Amino acid sequence: MTTTPHNIVIVGASLAGLRAAQALRAGGHRGPLTLVGAEPHPPYDRPPLSKEFLLGHAGPEALTLESTEPLGITERYGQRAVHLDTTTQEIHLDDGSVLPYDGLVITTGAGARPWPDSAPTTGVHTIRTLRDAQKLRNDLAADQRHILIAGAGFIGCEVASVATQLGHRVTLVGSQPLPLHNAIGAQAATFLTQLHHDAGVTVLTDATVTTLCGTHRLTGATIADNTGTHQHIPADTVLLALGARPHTDWLTTSGLQLHNGGLTTDEYTRTLTTDGTPLPHIVAAGDVTRFPHPHAPTPITLGHWSNAVEQAHTAAHNLLHPHHPTPYHPVASFWSTQYAVRFRAVGLPQYADSTEVREFDPTHHRLDIAYYRHGHLIGALTANRAARIATYRTRLAEHLATHTHP
Amino acid sequence: MSTTVNVTVDMKLCESHGQCVFAAPEVFSFDDDDYLVHNAEPDPTLYDKVVKAAASCPLRAITVEKSP
């Protein structure tokens with residue numbers, strides 16, 4: 001018989017971890033509640049790291065999230081979880097301490113995918129944490145430099161926008177036919193690429209960075225295109241924006257189901273044993289998870305701010321109500337600002353098999369695209385047309401409410 | 001004395017992400033230029049929705065007060 005847990009531990013002092021703690025208290029949990037985080041600070045907000053913070057328009061205070069003080073929780077920052085024992089129900093931390101739990105929320109998030117080979121010690125960056133962003137900001141505070149960005153996803157594109165605004169020369173290298181091609185489709189990617197061209201960014205497509213050159217200090221990189229041709233590009237700074245890697249190293253010995261590093265949950269935010277049995281007292285939320293979604297053919301990972309918030313809320317509810325869990329069928333919602341153009345998206349455009357371009361106006365920087373899969377709406381993306389996105393969102397929510405299978 | 005709910009939005013912070021419009025469309029919407037407009041004194045029955053809208057704002061630009 002599964003009962004409501006008395007002693008709850010949240011591993012991952014992230015946005016998802018904080019919002020889970022709030023939802024647990026708001027949902028009536030009065031027992032012990034502990035928040036564990038590997039970084040030395042309380043949970044903070046990450047989206048500004050690749051935008052206002054990097055530009056120098058905002059300091060660390062702009063990253064402040066809600067205070068944990070009203071929650072009455074035990075906070076353990078700067079301590080990394082290294083092992084989960086689901087038999088004894090204990091979490092082992094890197095300082096040797098052991099935390100028992102009755103209920104566990106896993107919100108350890110994801111880190112920047114590291115460079116797989118040797119790299120120079122200076123001039124090579126990733127951006128995921130406050131510390132990462134501070135180091136890159138220091139590099140960008142220097143006089144004009146050549147910044148090479150490896151990876152043309154959202155982070156790579158946003159940093160290209162910031163670096164050109166700061167007067168740097170930027171080369172953006174992506175392995176797809178256009179930046180963000182697979183995420184938002186050819187038309188939107190064409191619109192976006194034009195913004196980068198207009199700002200003077202050199203955009204290299206169908207290309208990958210293969211070698212980082214320099215022993216101590218970075219001197220440049222070797223780039224291969226899809227014909228196998230290599231070229232050397234001198235650079236002062238490299239940003240590795242190669243995607244996210246879920247923080248699940250500590251779970252490899254736990255017996256929880258992992259897939260390509262992601263922590264698998266069922267549609268009720270519950271983690272699973274390796275044989276697929278759901279564990280109602282171990283739930284998960286945020287970037288660390290991969291979960292089934294009615295609009296997607298295979299389990300998905302959403303690295304979005306709004307997903308961390310909404311999934312944490314559902315996970316907290318389901319931990320407290322193991323006999324009446326709520327399914328998590330979110331309308332994904334995400335955004336990006338590049339060159340002062342506001343991109344707003346809902347749903348899962350990456351799974352579309354057709355699109356309808358309702359507006360494509362590069363002159364006024366306006367865009368409105370609907371994405372379909374098997375004939376039904378699956379997502380939408382706008383640029384400087386935020387007013388239109390709510391209607392799409394309503395339609396997606398209505399469809400999800402009545403279609404709970406792919 | 002009847003209950004009132006007051007909603008304020010710090011427009012210096014708002015970046016038109018639209019999360020509040022999703023959460024409480026009765027109270028929040030955009031104008032044609034993507035600026036957020038809202039009902040500053042919504043019906044008190046919408047209180048829970050407005051609180052949810054405030055929590056969903058990535059800029060934490062929304063403040064909700066209930067009185068008495």
Note to self: Given R₀ = 56 Å, what would the calculated FRET efficiency be for B:GLU26 paired with A:THR215, taking r from the Cβ atoms and rounding to 0.05?
What the structure shows: 0.35
Margin query: In 5 Å bins starting at zero, report the fraction of Cα pairs in chain B per bin as a rounded %.
Written below: 4, 19, 33, 24, 13, 5, 2, 0
Next item on the list: At 0.36 nm per residue, minus the direct Cα-Cα distance, what do A:ALA340 and A:PHE360 gain on full extension? Give it in nm, one decimal, please.
Entry: 5.5 nm
Next item on the list: Give the Kirkwood hydrodynamic radius (Å, one decimal) of the stretch A:1-156, defined as one over the mean of 1/r across all pairs of different Cα atoms.
Entry: 17.7 Å
Checklist line | Computed Rg/Rh of the stretch A:277-378, alpha carbon atoms with Kirkwood Rh | finding: 1.06
Notebook entry, point to check: Which of the pairs B:LYS12/B:LYS49; A:LYS135/B:LYS52; A:LYS51/B:LYS66 have their Cα atoms more than 32 Å apart in this structure?
Noted result: A:LYS135/B:LYS52; A:LYS51/B:LYS66
Margin query: Let me test this: with uniform point scatterers at the alpha carbons of the stretch A:137-292, what is the Debye-based log₁₀ I(q)/I(0) at q = 0.08 1/Å?
Written below: -0.34
Item checked: Filtered trypsin sites (Lys or Arg not before Pro), the stretch A:11-77: DSSP coil and at most 10 other beta carbons within 10 Å -> A:ARG30
Checklist line | Whole-percent pair-distance distribution, where bins are 10 Å wide, for the alpha carbons of the stretch A:340-400 | finding: 25, 55, 19, 1
Item checked: Packing-based ranking, highest mean first, of A:79-86, A:350-357 given that Cβ atoms within 10 Å are counted -> A:79-86, A:350-357
Notebook entry, point to check: FRET efficiency for B:THR3 and A:THR277, Cβ-Cβ distance as r, R0 = 51 Å, nearest 0.05?
Noted result: 0.60
Next item on the list: Rounded to the nearest Å, what's the spacing between the alpha carbon centres of the stretch A:326-340 and the stretch A:204-226? Just the number, please.
Entry: 32 Å
Margin query: Please compute, for the alpha-carbon atoms of the protein assembly as shown, the extent along each of the three principal axes and give them in descending order in Å.
Written below: 63, 55, 44
Check: What FRET efficiency would be calculated for the residue pair A:THR122, A:THR227, taking the C-beta separation as r and a Förster radius of 25 Å, to the nearest 0.05?
Finding: 0.20
Next item on the list: Count the DSSP beta bridges whose two residues both fall in chain A, then state the antiparallel fraction as a percent rounded to the nearest 5.
Entry: 65 percent
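Only the coordinates and a few stated rules stand behind these numbers; no lab work does. On a predicted model such as this, the values are computed, not experimentally measured, just so you know. Because the Cβ atoms are built from the backbone with ideal geometry, glycine has one as well, and the counts that use them run over all protein chains shown.
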